[in-house]
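Heads up, the thing below is written out as structure tokens.
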């Protein structure tokens with residue numbers, strides 16, 4: 001009986017440990033991001049990998065996955081400083097935001113930023129070219145999660 005109980009505990013642990021590992025890595029990642037004065041495109045790629053429920057791996061592989069999902073931005077390097085426009089474009093694609101007629105026509109970062117303002121992801125007191133800090137990206141990250149939860 002004792003052996004059966006231990007086997008059940010071991011099986012439960014094996015089932016729960018991958019989930020625990022993902023949550024732990026996401027929390028660790030958020031703690032690192034919170035300390036950054038400027039975040040990068042690579043950080044945004046990681047953010048959206050977590051949003052998709054996947055652990056980030058290499059930048060190239062993750063970018064490929066995001067581009068296949070219609071979320072990534074072509075032509076940016078991992079270490080490029082992230083702007084509000086870049087994150088807005090990724091957010092608009094991820095959440096399929098209609099936004100404005102101008103965004104639907106041009107699909108640019110500038111108009112994606114305006115669409116994200118309309119949906120409350122950003123305040124209107126900035127520009128699409130403003131650099132993002134770690135805490136600023138975490139704030140958008142939480143709004144994306146809330147918005148995604150409201151859609152379900």
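Read-outs throughout are calculated quantities, based only on the coordinates presented, and are distinct from any laboratory measurement. Here the structure is a predicted model, which is why all the values come from computation and not from measurement. No Cβ is skipped: glycine too gets one built from the backbone with ideal geometry, and neighbour counts run over all protein chains shown.
Data for the structure
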item: Between segment 67-115 and segment 29-50, the alpha-carbon center distance in angstrom; result: 17
item: Amide N of segment 131-146 lying under 20 Å from the label point, which is placed 7 angstrom from the Cα of residue 37 along Cα→Cβ; result: 131-139
item: Order by protection proxy (mean Cβ within 10 Å, highest first), peptides 72-80, 102-110; result: 102-110, 72-80
item: Cα-based convex hull volume of segment 63-152 per residue, rounded to whole Å³; result: 102
item: By average C-beta atoms within 10 angstrom, highest first, the peptides 136-147, 60-71; result: 136-147, 60-71
item: Peptide ranges 39-51, 81-93, 122-134 listed from the most packed, as the mean C-beta count within 10 angstrom indicates; result: 81-93, 39-51, 122-134
